[in-house]
Amino acid sequence: DTAVSQTPKYLVTQMGNDKSIKCEQNLGHDTMYWYKQDSKKFLKIMFSYNNKELIINETVPNRFSPKSPDKAHLNLHINSLELGDSAVYFCASKDSDSNQPQHFGDGTRLSIL
Amino acid sequence: AQSVAQPEDQVNVAEGNPLTVKCTYSVSGNPYLFWYVQYPNRGLQFLLKYITGDNLVKGSYGFEAEFNKSQTSFHLKKPSALVSDSALYFCAVRDRGDKIIFGKGTRLHILP
């Protein structure tokens with residue numbers, strides 16, 4: 001009964017390819033996020049959706065496009081992958097009460113060859 | 001904008017000793033502060049939060065944190081460290097629009 005689940009856990013692909021990472025939460029939360037964690041473990045927010053609506057869109061290349069088919073899912077599609085995209089990508093979700101903590105998935109480790 | 005700083009990249013503590021992981025914050029308005037822990041190959045797990053009220057906040061796994069307004073600090077503490085506490089710890093602050101800003105993380109090593 002994983003609360004926030006991401007697939008795949010590992011993704012190894014060639015530069016220039018297009019790939020997607022999926023995220024699903026079964027907590028009934030309204031808000032979902034995508035974060036990027038680099039090799040130095042620095043965690044940076046990329047996007048946030050609330051009830052399928054884009055709320056936060058940080059300075060992220062437009063090769064990255066989030067899609068939220070419903071409030072329980074937030075997928076991340078990446079076009080024309082570059083070496084610098086190698087990182088661990090975390091999905092998170094949160095209740096609409098702004099003082100509640102975020103719940104994180106276990107991450108997708110993306111490696112670009 | 002809100003921010004948090006974790007001045008130590010790494011903290012080493014002998015098992016059984018008390019531990020402290022430091023965090024200072026810079027906010028406009030009331031601070032909403034969090035601590036999270038990350039174990040290898042896992043996502044972040046929530047430990048505790050300060051919103052308002054008592055300055056000493058108790059959280060999961062025996063951790064607590066002390067909110068100090070005059071020193072703008074929110075240090076994480078535990079009276080007696082366990083080897084299993086070894087992990088990466090993140091301090092965080094809530095920014096506008098439900099955004100959470102994370103510190104750079106502090107790696108905690110508990111030595112047996």
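The values are calculated or read from the model by the stated rules, or taken from the named source; none is laboratory data. Keep in mind it's a predicted model, so treat the numbers as computed, not measured. Backbone-built Cβ (ideal geometry, glycine too); neighbour counts: all protein chains shown. What goes into the accessible areas is simple: the full protein's heavy atoms, side chains included, and nothing from ligands, DNA or RNA. Shrake-Rupley method; radii C 1.70, N 1.55, O 1.52, S 1.80 Å.
Roughly how many whole Å is it from the C-alpha centroid of the stretch A:1-63 to that of the stretch B:89-108?
The distance from the Cα centre of the stretch A:1-63 to that of the stretch B:89-108 comes to 17 Å.
Given the protein chains as shown and a 1.4 Å probe, how many square angstrom of B:HIS109 are accessible, to the nearest 10?
70
Inside 10 Å of the C-beta atoms of A:95-102, what's the mean count of C-beta atoms belonging to other chains?
The shielding value for this peptide is 5.
List for the stretch B:31-54: residues with 20 Å² or greater reduction in accessible area, all protein chains versus chain alone, probe 1.4 Å?
With the partner chains in place, the stretch B:31-54 has these residues losing at least 20 Å²: B:PHE34, B:TYR36, B:GLN38, B:ASN41, B:ARG42, B:GLY43, B:LEU44, B:PHE46, B:LYS49, B:ILE51.
For B:ASN55 and A:HIS73, FRET efficiency with R0 = 45 Å and r from the beta-carbon atoms, rounded to 0.05?
0.70
Hey, got the dipole for chain B? About the Cα centre, +1 on K and R Cβ, -1 on D and E Cβ, debye to the nearest 20?
240
What figure, in Å² to the nearest 10, do you get for the accessible area of B:CYS23 with a 1.4 Å probe and non-protein molecules left out?
0
How about the stretch B:33-92: which trypsin sites (Lys or Arg not before Pro) there lie in a loop by DSSP and see at most 11 other Cβ atoms within 10 Å?
The qualifying sites are B:LYS69.
Distance cut-off 19 Å, Cα to Cα: go down the list A:LYS94/B:LYS104; A:LYS19/A:LYS52; B:LYS49/B:LYS69; A:LYS41/B:LYS104; A:LYS44/B:LYS77 and report the pairs above it.
Long pairs (Cα-Cα over 19 Å): A:LYS94/B:LYS104; A:LYS19/A:LYS52; A:LYS44/B:LYS77.
Could you report the accessible area of B:PHE46 in Å², rounded to 10, computed with a 1.4 Å probe on the protein chains as they sit in the structure?
70
Within the accessible area of the protein assembly as shown, what % is carbon and sulfur when the probe is 1.4 Å and the other protein chains stay in place?
Taking all protein chains in place, the protein assembly as shown shows 48 percent carbon and sulfur surface.
Any idea what the dipole of the stretch A:39-113 comes to, in debye rounded to 20, about its Cα centre with Lys/Arg Cβ at +1 and Asp/Glu Cβ at -1?
180
Once both labels are modelled 7 Å past Cα along the beta-carbon direction, what's the A:GLU82-A:GLU53 spacing in nm?
It works out to 3.2 nm between the two label points.
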